[in-house]
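**Q** First the structure, which I've put down as structure tokens, then a few questions once you've had a look.
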Amino acid sequence: MKHLRQRSFRLAGHATSVALEPEFWAALEAASSRRGRSLAGLVADLDANRADPTLPLASALRVFALEEAAHASTPAEGNGAG
């Protein structure tokens, strides 16, 4: 079993920490890089824009990472083929 990696952030003026698998952190770091954002900035945005703030931030980050991976693996439309 892989160990979780814990990172600390300051969100909405409060210190908090999130523990995720390294693969999720890697996906989040890649997403923040693609957006020209820091990881802390991306996490803050995701935290502020959660549809249901009662759900754990770690869950929201995992779902975002999965959505990013699905989007990245979908072929781009209008790629000139055909």
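**Q** Using heavy-atom solvent-accessible surface (probe 1.4 Å) with all chains present, what is the largest-first order of GLU67, GLU29?
**A** Descending order: GLU67, GLU29.
**Q** Using +1 at the C-beta of Lys and Arg and -1 at the C-beta of Asp and Glu, which of SER59, ALA40, ALA69 has the Cα lying farthest in the positive direction of the dipole of the chain?
**A** It is ALA40, whose Cα lies furthest towards the positive end.
**Q** Give a residue-ordered list of calculated ³J(HN,Hα) values for region 35-48 (Karplus: 6.51 cos²θ - 1.76 cosθ + 1.60, θ = phi - 60°; whole Hz; x for Gly, Pro).
**A** Going residue by residue, I get 8, x, 10, 7, 4, 4, x, 4, 4, 4, 4, 5, 5, 5 Hz, with x marking Gly and Pro.
**Q** What 222 nm value per residue comes from the helices of the chain, counting each DSSP H run with n ≥ 4 as -39,500 (n - 2.57) and dividing by all residues, nearest 500 deg cm²/dmol?
**A** Details: 3 runs with 40 residues, N = 82.
The helix contribution divided over the chain gives -15500 deg cm²/dmol.
**Q** Could you give me the ³J(HN,Hα) list for region 5-15, computed from phi with Karplus coefficients 6.51, -1.76, 1.60 and θ = phi - 60°, whole Hz, x at Gly and Pro?
**A** After applying 6.51 cos²θ - 1.76 cosθ + 1.60, I find 9, 9, 10, 10, 9, 10, 10, 6, x, 10, 6 Hz.
**Q** Report the charge-dipole magnitude of the chain in Debye, nearest 20, computed about the Cα centre from +1 at each Lys and Arg Cβ and -1 at each Asp and Glu Cβ.
**A** In debye, rounded to 20, the chain gives about 300.
**Q** Given the chain reduced to its alpha-carbon atoms as identical point scatterers, what log10 I(q)/I(0) does the Debye formula return at q = 0.18, 0.20, 0.26 Å⁻¹?
**A** With one equal scatterer per Cα and no solvent, log10 I(q)/I(0) is -0.78, -0.93, -1.43.
**Q** Give the long-range amide H neighbours of GLU21: residues separated by 5 or more places, or on another chain, with amide H under 5 Å away, using H modelled in the peptide plane at 1.01 Å from N.
**A** Placed amide hydrogens put ARG5 under 5 Å from GLU21.
The values are calculated or read from the model by the stated rules, or taken from the named source; none is laboratory data. Note that the structure is predicted; figures quoted are calculated from it, not measured. Ideal geometry is used to build each Cβ from the backbone, glycine not excepted, and the neighbour counts take in all protein chains shown. Just so you know, the surface numbers come from the protein's heavy atoms only, side chains and all, with ligands and any DNA or RNA stripped out. Shrake-Rupley method; radii C 1.70, N 1.55, O 1.52, S 1.80 Å.
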